Amino acid sequence: MATHQNSVYLASPFFSEGQKNRIAKVVSLLKQNPTIDNDRIFIPQDHQFESEPFGSFKWQDAVFASDIRQVRKADVVVAILDYQLEEGLTEPDSGTIFEIGAAYQANVPVIMVQFGNNGQLNLMLARSYTAFFNGESDVSNIKDYDFNNLETRYTDKKVL
């Protein structure tokens, strides 16, 4: 019997080379996973509504609406929590946090990924994930995660 392949919304900042490199790593791992549909990984940076000037009201409105629609229709949201990792800061960016909340509210499972070594996690994020991949070596395990079964995968981060 064929394995069901899931669609993914990839929530992540994409403003720096480091962020884009982490996205590329996660996309590569997802594409190796037989429970993911390679043609249905929605990467927001690739859908920026170029027909309107960047930052204009119409651009903002169209990008926001598109991203929220894609979060709601995805089978799963994979959220990369590293924001300013290169600067030594480990808090996720506000857009990713918002997308996690929107996914949780829409009953879309959230898989969290963090490359950096942050020993703490906000309570709201800590209670909203289905699985957590923590640290660069653990992140590589996403290629073998069963997105059909969605087994809970805990992190031992301190919750604040």
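Add +1 for every Lys or Arg and -1 for every Asp or Glu among the other residues with Cβ under 13 Å from the Cβ of I36, and state the total. Could you put the intermediate results ahead of the total?
Working: positive: K31, R40, K143; negative: D37, D39, D75, D144, D146.
Around I36, the surrounding residues sum to -2.
Hand me the tally of lysine pairs in the chain: alpha carbons under 19 angstrom apart, and the pair either on different chains or 8 or more positions apart.
For the chain, the number of qualifying lysine pairs is 4.
Quick check: residue separation of R40 and R127 times 0.36 nm, minus the Cα distance between them. What number comes out in nm?
28.7 nm
Please give the length that would be gained between Q120 and A24 if that part of the chain were fully extended, namely 0.36 nm times their separation in residues minus their C-alpha to C-alpha distance (nm, one decimal).
Residue separation times 0.36 nm, minus the Cα-Cα distance, leaves 32.1 nm.
Of all the stretches in the chain, which is the longest one without any exposed loop site, taking GluC sites (Glu not before Pro) in a DSSP loop (any state but H, G, I, E, B) with at most 16 other Cβ atoms within 10 Å?
That would be 51-150.
Counting other Cβ atoms within 10 Å of each Cβ, which chymotrypsin sites (Phe, Trp or Tyr not before Pro) in the range 94-160 have at most 12 and sit in a DSSP loop?
Y154
Across bins of 5 angstrom width beginning at 0, how are the C-alpha pair distances of the range 6-159 distributed, in whole percent?
All Cα pairs, binned at 5 Å, distribute as 2, 9, 19, 24, 22, 14, 6, 3, 0 percent.
Please work out how much length the chain gains when fully extended from R69 to S94, using 0.36 nm per residue of separation minus the C-alpha to C-alpha distance, in nm with one decimal.
Length gained, R69 through S94: 7.2 nm.
May I ask you to evaluate 6.51 cos²θ - 1.76 cosθ + 1.60, the Karplus curve with θ = phi - 60°, for each residue of the range 33-38 and list the ³J(HN,Hα) values in order in whole Hz, giving x for glycine and proline?
8, x, 9, 10, 7, 4
The numbers here are math on the coordinates, done by the rules we state, and not lab data. Since the model is a prediction, treat every value here as computed from it, not as a measurement. Every residue, glycine among them, receives a Cβ derived from its backbone with ideal geometry; neighbour counts consider all protein chains shown.
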